[in-house]
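**Student:** Got a structure for you, questions after.
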Amino acid sequence: MQDKCTFEYAIIRLVPKVEREEFFNVGVILFSKRKKYLGIRYQIDETKFNAFAPELSLEDFKKYLNAWKLICDGEPSGGTIGTFELSDRFRWLTACRSTIIQSSKTHPGLTDNPENELETIFKMYIL
């Protein structure tokens, strides 16, 4: 138990019509302060995407999610937000917003390996 540390995660959602509040899950973002870890995994089910949001561009949506990854990775191409501390990047990405990409509320947990935890949560809620 002493090797375990806290983490937080949120589910990334596609909300094509914000006013209807309908969504489907496309990814997970996970943050562990003690392990200095911020990671994201996503996968878009193209059939579901086209059925759920035929008026949206799949390529544009992929670009938006890639921007989230650049921010998580702290890449210079992630813009100013990509230069923030890990915790600030996580808080910015998981902040409540009215856009087509949203995240769930954050959820806590304990782990000794944040990368494995991200993969487990991804398999559970996305695949």
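Quick note: the coordinates plus some simple rules give every number you see, no bench work behind them. No experiment lies behind these values; they were computed from the predicted model shown. Note that each Cβ is placed from the backbone with ideal geometry, even for glycine, and that neighbours are counted across all protein chains shown.
**Student:** Could you check segment 1-50 for strands (runs of 3 or more DSSP E) lying wholly inside it with 3 or more residues that are over 17 Å from Asn116 (Cβ atoms)? Even if it seems obvious, please write down each step before you answer.
**Tutor:** Working: elements: 5-14, 24-32, 37-42.
Qualifying strands (runs of 3 or more DSSP E): 5-14, 24-32.
**Student:** Okay, next question. Please name all residue pairs, on different chains or six or more residues apart, with Cβ atoms under 8 Å, provided the first residue is in segment 87-114 and is without any contact (Cβ under 8 Å) to a residue 40 or more places away in the chain and the second residue is surrounded by fewer than 17 Cβ atoms within 10 Å (Cβ to Cβ) and of a type in the set (Lys, Arg).
**Tutor:** none
**Student:** Can I ask one more? Across segment 74-99, what is the number of residues that are assigned to a loop (DSSP other than H, G, I, E, B), in contact with a Lys or Arg (Cβ under 9 Å, 6 or more places away or on another chain) and loosely packed, with under 15 Cβ neighbours inside 10 Å?
**Tutor:** Adding up the residues that qualify gives 2.
**Student:** Can you tell me which residue in segment 100-119 is farthest from Glu22 (Cα to Cα), limited to those that are surrounded by fewer than 18 Cβ atoms within 10 Å (Cβ to Cβ) and more than 14 Å from the chain's Cα centre (by Cα)? Spell out how you get there, then give the answer.
**Tutor:** Going residue by residue through segment 100-119, those that are surrounded by fewer than 18 Cβ atoms within 10 Å (Cβ to Cβ) are 100, 104-110, 112-113, 115-116, 119.
Checking which are more than 14 Å from the chain's Cα centre (by Cα) leaves us with 108-110, 112-113, 116.
Numbers: Pro108: 24, Gly109: 27, Leu110: 30, Asp112: 34, Asn113: 33, Asn116: 29 Å.
If we take residues in segment 100-119 being surrounded by fewer than 18 Cβ atoms within 10 Å (Cβ to Cβ) and more than 14 Å from the chain's Cα centre (by Cα), then Asp112 is farthest from Glu22 (Cα to Cα).
**Student:** So, Val28, is that one buried (at least 16 other Cβ atoms within 10 Å of the Cβ), under 20 Å from Cys96 (Cα atoms) and of a type in the set (Val, Ile, Thr) or not? Break it down into steps so the answer makes sense when it comes.
**Tutor:** Numbers: buried (at least 16 other Cβ atoms within 10 Å of the Cβ): yes; under 20 Å from Cys96 (Cα atoms): yes; of a type in the set (Val, Ile, Thr): yes.
Yes: the conditions hold for Val28.
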